[in-house]
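Rule-based calculations on the coordinates, nothing more; no lab input. Keep in mind that this is a model prediction, so the values were computed, not measured. Glycine gets a Cβ as well: all are built from the backbone with ideal geometry, and neighbour counts include every protein chain shown.
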Amino acid sequence: MSSSSDRAQQLRDLARLRRVRDRIDREHAQPLDVEALARGAHMSAGHLSRQFRLAYGESPYAYLMTRRIERAMALLRRGDLSVTDVCFAVGCSSLGTFSTRFTELVGIPPSTYRARAAAGEAAELPPCVAKQVTRPIRNREAPAVAAHLA
């Protein structure tokens, strides 16, 4: 009986973690923090962070920042917003943190990414392919080589 009740609890926890991940995907531009996410899932912040990392390989905060950077990349490719405007549009409150995280995940600063997009470096790719190719790297920093490409 113990193992079946443990399994049932694991399934309930996994369902809660999916709801947290879905909330991050939906509300990435809103002010979210681990405590608020944990309250919504009826878990402690520490338990949520541990379980989320076990299930998805990264912390809820890292997942949130990846979602924000993905959205920022799309907005920067559009070219009609400044880096500062994009930073705030995706839910970041600090331009410095945004730029640092963007550079870690993408390999180049947001201003360089925007300039390259304006120069049409990805223009020859269909949008669905460009989205996949330009997806930020999760769980690891961008390779140092990418920052040195011209």
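Quick notes
- For peptides 4-11, 109-116, sequence by mean Cβ density within 10 Å, most packed first: 109-116, 4-11
- Ordering of 93-101, 44-52 by packing [mean C-beta count within 10 Å, highest first]: 44-52, 93-101
- Sorting the segments 12-19, 61-68 by their residues' average number of neighbouring beta-carbon atoms within 10 angstrom, most packed first, yields 61-68, 12-19.
- Mean-position separation - Cα centroids, region 1-29 and region 38-106, in angstrom: 20 Å
- Rounded to two decimals, the Cα-based Rg/Rh of region 2-57, with Kirkwood Rh, is 1.01.
- For Val86, the shell of other residues with beta-carbons less than 11 Å away shows a net charge of +3, using +1 for Lys and Arg and -1 for Asp and Glu.
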